[in-house]
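*Asks:* Please find one structure pasted underneath; my questions will follow.
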Amino acid sequence: MFHPREKVIVGLSGGKDSLVLLYNVMKLQQRYPKSPEIEAILIDEGIKGYREESTSIAKKMCDVWNIKLHIVDFKTYFGLELDRIIPKLKNLKINACTICGTVRRRLLNMKSLELNGDKLAIGHNLDDQVETFLQNILRNDLNKIVINPPNGNPIDDRKKFVSRIKPLMSIPEEEIVRYCYYKEFPIQSNPCPYSIGFSILRKKVQDFVNHLELHSPEIKYNLQKANENFVSNYKPKNLSNNFSDSKINKTQYQICPNCSNPMGLLRKICYYCELKEKII
Ligand code: SF4
């Protein structure tokens with residue numbers, strides 16, 4: 001997913017997946033002495049009682065591993081911290097994770113561009129990948145599968161988008177947990193308070209896949225393969241006519257007329273701009 005000469009930026013949350021990711025990217029890089037320095041970005045959403053612990057874990061491990069950590073917060077860029085966004089979501093029928101994920105992705109990309117990253121590595125594991133794939137199918141949101149391909153986004157507009165890669169995409173969550181214990185990495189103890197309102201569909205998909213796995217241990221790998229095959233063969237339909245003058249590059253993106261960031265094929269403005277208009 002990346003070349004030793006490429007500069008890899010790691011999205012670090014302080015949770016188990018991103019620590020395992022950062023540690024292993026660092027180890028790989030150390031095999032190639034001329035590799036550019038890795039840097040890490042932590043997004044502070046502004047969740048009181050939750051973010052403090054993971055930030056302190058992230059800072060501690062970056063100190064130990066001698067990695068530069070950049071902390072970027074919602075308030076400075078989006079205009080409000082998540083704790084103050086949540087009360088505004090009630091009438092909009094948007095859940096906390098949707099807004100949190102959208103703003104986080106945007107800020108990660110923005111900071112990675114600023115740091116001249118070639119690749120942005122994020123800690124999605126096999127379970128995350130498979131759940132997202134099935135969820136998108138169940139919602140008939142097929143374009144979304146193509147927008148988030150499992151082995152990173154090959155969009156080639158370097159001025160707008162740092163290609164996201166998911167080096168842990170074939171590692172089951174359970175193995176990552178075991179690896180953390182084995183390596184004695186600190187583990188965050190308190191969950192995000194908004195994860196209680198976590199998508200019901202995701203939870204059901206998670207239970208369903210885990211149940212299938214009891215009898216068919218290969219099921220998650222099969223679904224991952226199906227995801228990859230889908231990405232290579234699916235041709236997005238229904239292109240919007242509003243974008244006759246905008247670039248649709250070979251990876252099937254449009255450019256948001258508001259902020260010039262990449263966005264999905266069927267949108268008029270990107271979701272980040274839409275949310276910002278509605279909330280702020
Ligand atoms: S659980 Fe949802 S709201 Fe909490 S940090 Fe994760 S994505 Fe954000």
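The values are calculated or read from the model by the stated rules, or taken from the named source; none is laboratory data. This one's a predicted model, so the numbers in the text were calculated from it and none came from an experiment. Heads up, the Cβs are rebuilt from the backbone with ideal geometry, glycines too, and the neighbour counts pull from every protein chain shown. Note: accessible area is taken over every heavy atom of the protein model, side chains too, but ligands, DNA and RNA are not part of it. Shrake-Rupley method; radii C 1.70, N 1.55, O 1.52, S 1.80 Å.
*Asks:* Which of the listed residues, Ile57, Cys100, Gly264, is farthest toward the dipole's positive end in the chain, when Lys, Arg count +1 and Asp, Glu count -1 at the beta-carbon?
*Replies:* Positive-most Cα among the choices belongs to Gly264.
*Asks:* Still on this model: How big is the charge dipole of the chain about its Cα centre, in debye rounded to the nearest 20, if each Lys and Arg gets +1 on its Cβ and each Asp and Glu gets -1 on its Cβ? Walk me through the numbers on the way to the answer.
*Replies:* On the way: 43 positive and 31 negative charges, 162 e Å.
The dipole magnitude comes to about 780 debye.
*Asks:* Report the label-to-label distance for Ser170 and Ile219 in nanometres (one decimal), using points 7 Å from each Cα along the Cα→Cβ vector.
*Replies:* Calculated label separation equals 2.2 nm.
*Asks:* Loop only by DSSP, 14 or fewer other Cβ within 10 Å of the Cβ. Give me the trypsin sites (Lys or Arg not before Pro) in segment 1-51 that pass, ordered by residue number.
*Replies:* Numbers: sites: Arg5, Lys7, Lys16, Lys27, Arg31, Lys34, Lys48, Arg51; in loops: Arg5, Lys7, Arg31, Lys34, Lys48.
Counting only loop positions with at most 14 other Cβ atoms within 10 Å, the trypsin sites (Lys or Arg not before Pro) in segment 1-51 are Arg5, Arg31, Lys34, Lys48.
*Asks:* Any idea what the dipole of segment 33-155 comes to, in debye rounded to 20, about its Cα centre with Lys/Arg Cβ at +1 and Asp/Glu Cβ at -1?
*Replies:* Once rounded to the nearest 20, the dipole reads 400 debye.
*Asks:* Turning to a different aspect of this structure: Enumerate the lysines that Lys34 could reach by cross-link, defined here as Cα to Cα under 30 Å, with residues fewer than 8 away along the same chain left out.
*Replies:* Lys7, Lys16, Lys59, Lys60, Lys68, Lys111, Lys119, Lys159, Lys160, Lys166, Lys183
*Asks:* In addition: Scan around His70 for amide H atoms under 5 Å from its own, H built in the peptide plane at 1.01 Å from N, and keep only partners 5 or more places away or cross-chain.
*Replies:* Close amide H contacts, sequence-distant or interchain: Ala40, Ile41, Leu42.
*Asks:* Ok, one more. Could you check the simple spin-label distance between Asp63 and Ser189, using points 7 Å along Cα→Cβ, in nm with one decimal?
*Replies:* A separation of 1.9 nm, rounded to one decimal place.
*Asks:* Once you put a point 7 Å from the Cα of Lys34 and another 7 Å from the Cα of His70, both along the Cβ direction, what distance in nm separates them?
*Replies:* 2.5 nm
*Asks:* Still on this structure: Leaving out ligands and nucleic acids, note down the accessible area per residue over the chain with a 1.4 angstrom probe, in whole Å². Before the final figure, lay out each step's value.
*Replies:* Numbers: 15060 Å² over 280 residues.
Accessible surface, normalised per residue, equals 54 Å².
*Asks:* Within 10 Å of each candidate Cβ there may be at most 13 other Cβ atoms; applying that plus a DSSP loop requirement, which GluC sites (Glu not before Pro) in segment 1-70 survive? Could the numbers behind the result be given before it?
*Replies:* Working: sites: Glu6, Glu37, Glu39, Glu45, Glu52, Glu53; in loops: Glu6, Glu37, Glu45.
Sparse-neighbourhood loop GluC sites (Glu not before Pro): Glu37.
*Asks:* In addition: Based on the mean of other beta carbon atoms within 10 Å per residue, what is the order of 96-104, 254-262, 208-216, most packed first?
*Replies:* Working: 96-104: 19.3, 254-262: 17.8, 208-216: 11.9.
Sorting 96-104, 254-262, 208-216 by mean packing, highest first, produces 96-104, 254-262, 208-216.
*Asks:* Roll a 1.4 angstrom probe over the protein heavy atoms and tell me the percent of accessible area of the chain that is carbon or sulfur. Write out the running numbers ahead of the final one.
*Replies:* Values: 7790 of 15060 Å².
The nonpolar share, carbon plus sulfur, comes to 52 percent.
*Asks:* Choose one of Asn24, His3, Ser13: the residue whose Cα lies farthest towards the positive end of the charge dipole of segment 1-56 (beta-carbon charges +1 Lys, Arg; -1 Asp, Glu; about the Cα centre).
*Replies:* My answer, from the dipole projection, is His3.
*Asks:* Going from most exposed to least, what order do Asp207, Asp128 have by accessible area with a 1.4 Å probe? All intermediate terms of the calculation are to be shown ahead of the outcome.
*Replies:* On the way: Asp207 80, Asp128 40 Å².
So, going from the largest accessible area down, we get Asp207, Asp128.
*Asks:* Separate question: Can you tell me, using C-alpha contacts under 8 Å and at least 6 residues apart, the relative contact order of segment 85-234 as a whole percent?
*Replies:* Details: 129 pairs, mean separation 48.4, N = 150.
Result for segment 85-234 is 32 percent.
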